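The values are calculated or read from the model by the stated rules, or taken from the named source; none is laboratory data. It should be emphasised that the depicted structure is a prediction, and the values quoted were computed from it without experimental measurement. Cβ atoms come from the backbone with ideal geometry, glycine included; neighbour counts cover every protein chain shown. Each accessible area value is taken on the protein alone, full model and side chains, heavy atoms only, with ligands, DNA and RNA left out. Shrake-Rupley method; radii C 1.70, N 1.55, O 1.52, S 1.80 Å.
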Amino acid sequence: MTTTCTQYGGRGDRDTPRRLLERADAVLLDFDGPVCDLFGGACTAYIADEVKERARHEWGRLDPRVEACADSHGVLRHLADMAVRRPGGRRGTRLDWADRIVTRHEYAAVLEAAPTPGASELVGELAQLGKTLLIVTNNAEGPVREYLERRNLLGHFTAVLGRDPHDPRLMKPHPDVVDRALAELGGPHPSRTLLIGDQLTDLAAAESAKVPFLGLTRHEGTAARMRHRGARSVVSSFEPLMRALSPPLTH
């Protein structure tokens, strides 16, 4: 992720990072992107291929959307959809075996994952200000915890909430993980919480849960789509947020 500090959107943005941070008692961070670059920008098609190979062994012929998928999380979603459509299939068909394959690769990836510039500093500053911090991610909880522990960051987080290993359909853009975060916090008003994410799926989950959103992306196309869909602010690095914390936010 770049270290430039462009704030996209100008007058089109609905809010500033400082105002969003001031109003937030709790900050929810997506993991892959805002905290680290989990796979170094590499395609995860090789993970999807391993899942598909096992799926063929389990089910035989796969749906075209499953076969065409070249993304480790996308293939979980498509398999869950296929499970519902199969003869005798039903919503909630367990796909733990597929989740375990993806999780194994995520454990391997955290050993080489590159920290997002400024992420550790931001986490430390927010924790010092008394903000409650939680991870809300489509990655598995275990690898995320391992990464945070290796970076001496785990103690700053109240909870690490990952994808449901039994139902991939609950991954973002579904609000499940954000709703679980709000429940973990004891049910504060969603407006007092802020979600920082780098994907449109993060924005969609935040919107569904009525949680304010701050976009973090160096891709101008993604930033434009976030603004178009109502993101209150979009930045390309954590520098504007660090500047917003100095002088200290009001309590």
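Here are a few things to note about the model shown:
- Legend: calculated FRET efficiency, residue 129 to residue 208, from the Cβ-Cβ distance at R0 = 30 Å, rounded to 0.05, equals 0.65.
- Relative contact order for the range 22-103, counting Cα pairs under 8 Å that sit 6 or more residues apart, in percent: 27
- Heavy-atom accessible area per residue - the range 163-209, 1.4 Å, Å²: 38
- For the options 84, 102, 234, a Gaussian network treatment of the chain with springs between C-alpha atoms closer than 10 Å singles out 84 as fluctuating the most.
- Taking every protein chain into account, the 1.4 Å probe leaves residue 158 with about 80 Å² of accessible area, to the nearest ten.
- Rounded Å value of the spacing that divides the Cα centres of the range 117-156 and the range 209-230: 21
- Summed side-chain charge close to residue 31 - residues other than residue 31 whose Cβ falls under 14 Å, Lys, Arg +1, Asp, Glu -1: -4
- Cα gyration tensor, the range 186-249 - rounded (a/c under 1.5), prolate or oblate: oblate
- Take the Cβ atoms of residue 65 and residue 150, set R0 to 35 Å, and the FRET efficiency comes out at 0.45.
- For residue 238, the accessible surface of its heavy atoms amounts to roughly 10 Å² (probe 1.4 Å, protein chains only, rounded to the nearest 10).
- Max mean-square fluctuation residue, GNM over the chain, Cα-Cα springs under 10 Å, options 115, 188, 143: 188
- Under the Karplus curve 6.51 cos²θ - 1.76 cosθ + 1.60, θ = phi - 60°, whole-Hz ³J(HN,Hα) for the range 188-193, x wherever Gly or Pro sits: x, 4, x, 5, 8, 10
- Positive contributions from Lys and Arg (+1) and negative ones from Asp and Glu (-1), summed over other residues with Cβ under 10 Å from the Cβ of residue 216, come out at -2.
- Over the chain, DSSP H runs of length four or greater, each weighted -39,500 (n - 2.57), average out per residue to a 222 nm ellipticity of -12500 deg cm²/dmol.
- Stokes-Einstein diffusion of the chain at 10 °C, 1.306 mPa s viscosity, Kirkwood radius from Cα pairs, rounded to a whole number: 85 µm²/s.
- Taking all protein chains together, 202, 63 sort by accessible area into 63, 202, largest first [probe 1.4 Å].
- For residue 110, neighbours were defined as the other residues whose beta-carbon sits under 14 Å from its Cβ, and their charges (Lys and Arg +1, Asp and Glu -1) total -3.
- Hits among aspartates and glutamates - C-alpha to C-alpha of residue 172 under 17 Å, sequence gap 8 or more where chains match: 30, 32, 71, 81, 99, 141, 164, 198, 202, 207
- The calculated FRET efficiency for residue 114 paired with residue 164, based on their beta-carbon distance and R0 = 41 Å, is about 0.90.
- Rounded to whole numbers, the Karplus 3J(HN,Hα) couplings from phi for the range 194-211 are 10, 9, 10, x, 10, 10, 5, 5, 5, 4, 4, 5, 5, 4, 5, 8, 6, 9 Hz, using 6.51 cos²θ - 1.76 cosθ + 1.60 with θ = phi - 60°, and x at Gly and Pro.
- Residue order by solvent-accessible surface for 246, 120 is 246, 120, largest first, with ligands and nucleic acids left out and a 1.4 Å probe.
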